[in-house]
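The values are calculated or read from the model by the stated rules, or taken from the named source; none is laboratory data. Every value quoted in this text rests on a predicted model; they were computed, and no experiment measured them. When we count neighbours, we look across all protein chains shown, and the Cβ atoms used for this are built from the backbone with ideal geometry, even at glycine.
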């Protein structure tokens, strides 16, 4: 595939932004500075990047507990994300959601839900809305292999299929639900047999290759915009960190497996390719990197300088007016 | 005034509000034929029997700028979709910092008394009252169901409408002209001076029948129908109990941790009202058992006129 130079650089920039943001979050979590649970997206950056590159502001996405990458790729503001992760009043959810529940409805990011599989029905509704609006917009839902064993997954494949919804199912198959291997937990073994059973077009790809994700998502989204019904992408990937960042949670995955996937780093592999193809020079790559580090630093400083919510702010927003 | 059934009144509410606002969608496992004829199959959708998917889809639709009615038919089927209703619909306005509104109407029937056996005879509104973020209505007349559902369809929050199954075919006066019934305004179905009876759902009618009988014995009941449980019209209840000094709460839901307990706590924890109480507040509720199938056992399990009369007499006897 021969992508335009700017497209390649944009993909690289988005992936690296997610990586640098997440690295900073990991550092702060392990320094004990962030309350609650944080699920790192490191290792899976190519998926959110390649998919969201095809989405317009009017297209809606639904994310899950490991959602920072989806937010960044859809265009969320890192300052308000970081502030939310710190529980600050200036955060996207005014400190009421935290890392697991960042949302930005103004950019079509309908939020991250912390219950495995629960975003699927919500995205099905967003796709129904897009179908009713009839403007060729689409919805995309991100979920893991773990969600594929939930009843809601099957209910939503079925509903999307019979209603021919413009819904892109993006399965980020990282091989594990916490520490339980998909190999053990999933009777279907091959994930795409499930959308296949519901007559949903599908593909299984290497989710660590951003060009491949970009190409596959492009084909899928263009089919969705034509009104041809849902599309399912299985993106095989791996998370580098534990299920959530924790001093106490054990990581039961084989050490050598983790190391072998780190060697297939989606960001480093793409960078090498861009350098080899002379799309990027070392100094251009470094200048992109420096710019991103400065943005992450700015986001972090914003979060730290932002005020905490007042205790009684807890009483607001239970109901909309 | 013309008389129509409870179910017809509910349908009229949806028709009127769907005419007002084209960004409205109706989801139900059964075909709502009358609605579909008028509004088409795109907006009036039949869903598979897969409650999580369409209860959750209503959230995604709402978050995308549509208003949705999800008709679950019976409260027992609501349990299948509790994660979507309680973890998501109820919480995400708050959890996302108020940045989006979720105008959704969930409808489901409640109540026993028709040999539906345990699974299909349940009144679980108290469980939902325990989840902040939902509004809860309990219409008991054709007039109220129309007015409350119309209000629900202009609300910017998820509303759960618990509608007594046995009242679906009941006829009552409903004006031709438009009206709304606001949330949080109880209706005093009968004024009285000796005992306040707060009756929920179908028990309103058992309480009114009891009031008729007791009137002949010189005992005057004030029967209050809260009509919405969240928000609850605390003021009307407290003023009535302050006046009568006696409170009996009637609900066919199980007694433990029920809405009746909440009403009694409301009255007894109000200092002024507490001091005016002439007898201990009483509950006449469903027994803490699953509802049995066979009529003699079922009748035993849920409140009726006779049980209300007994409780009222105990309250006034002191």
Scanning for something within 16 Å of the chain's Cα centre (by Cα) and buried (at least 20 other Cβ atoms within 10 Å of the Cβ), does segment B:264-280 turn up at least one residue?
-> no
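Listed here are the residues, each with its yes/no results for (1) buried (at least 18 other Cβ atoms within 10 Å of the Cβ); (2) at pLDDT 95 or above.
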site: A:198; (1), (2): no, yes
site: A:222; (1), (2): no, yes
site: A:249; (1), (2): no, no
site: A:255; (1), (2): no, yes
site: A:270; (1), (2): yes, yes
site: A:273; (1), (2): no, yes
site: A:276; (1), (2): no, yes
Residues located in segment B:124-137, provided they are touching a helix residue (DSSP H, G or I) at 6+ places or on another chain (Cβ under 8 Å) and either more than 14 Å from every other protein chain (Cβ to nearest Cβ) or buried (at least 19 other Cβ atoms within 10 Å of the Cβ) (or both) | B:124, B:125, B:126, B:128, B:133, B:134, B:135, B:136, B:137
Given (1) touching a strand residue (DSSP E or B) at 6+ places or on another chain (Cβ under 8 Å); (2) outside any helix (DSSP H, G or I); (3) in contact (Cβ under 8 Å) with a residue 60 or more places away in the chain, number of the condition residue B:214 does not satisfy | (2)
Within segment A:25-46, residues in contact (Cβ under 8 Å) with a residue 60 or more places away in the chain and not in a helix (DSSP H, G or I) come out as A:34, A:35, A:36, A:37, A:38, A:39, A:40, A:41, A:42, A:43, A:44
Unique match (being surrounded by fewer than 24 Cβ atoms within 10 Å (Cβ to Cβ) and either outside the structural domain of residue B:144 (by TED's automatic domain parsing) or part of a helix (DSSP H, G or I) (or both)) among B:288, B:251 | B:288
State whether the residues of segment A:87-97 include one that is surrounded by 24 or more Cβ atoms within 10 Å (Cβ to Cβ), more than 8 Å from every other protein chain (Cβ to nearest Cβ), in contact with a helix residue (DSSP H, G or I) (Cβ under 9 Å, 6 or more places away or on another chain) and closer than 29 Å to residue A:159 by Cβ.
-> no
When residues of segment B:138-155 are filtered for being within 24 Å of residue B:80 (Cα to Cα) and within 14 Å of chain A (Cβ to nearest Cβ), how many remain?
-> 1
For residue A:261, the lone unmet condition from (1) closer than 16 Å to residue A:22 by Cα; (2) assigned to a helix (DSSP H, G or I); (3) within 19 Å of the chain's Cα centre (by Cα) is (1)
Does segment A:44-62 contain any residue that is in contact with a strand residue (DSSP E or B) (Cβ under 6 Å, 6 or more places away or on another chain), within 29 Å of residue A:311 (Cβ to Cβ), within 14 Å of chain B (Cβ to nearest Cβ) and at pLDDT 95 or above?
-> no
Would you mind telling me which numbered condition in (1) surrounded by fewer than 24 Cβ atoms within 10 Å (Cβ to Cβ); (2) out of contact with any helix residue (DSSP H, G or I) (no Cβ under 9 Å at 6 or more places or on another chain) residue B:34 fails?
-> (2)
Residue A:10 versus (1) at pLDDT 95 or above; (2) surrounded by fewer than 23 Cβ atoms within 10 Å (Cβ to Cβ); (3) touching a helix residue (DSSP H, G or I) at 6+ places or on another chain (Cβ under 7 Å): which is the lone unmet condition?
-> (3)
Tell me the helices (runs of 4 or more DSSP H) entirely within segment B:1-101 that contain at least 2 residues that are more than 14 Å from chain A (Cβ to nearest Cβ) and under 22 Å from the mean Cα position of the chain (by Cα).
-> B:6-20, B:75-78
Quick one: in segment B:109-123, which of the residues that are surrounded by fewer than 21 Cβ atoms within 10 Å (Cβ to Cβ) and either closer than 16 Å to residue A:125 by Cα or in contact with a helix residue (DSSP H, G or I) (Cβ under 8 Å, 6 or more places away or on another chain) (or both) is farthest from the other protein chains (Cβ to nearest Cβ)?
-> B:113
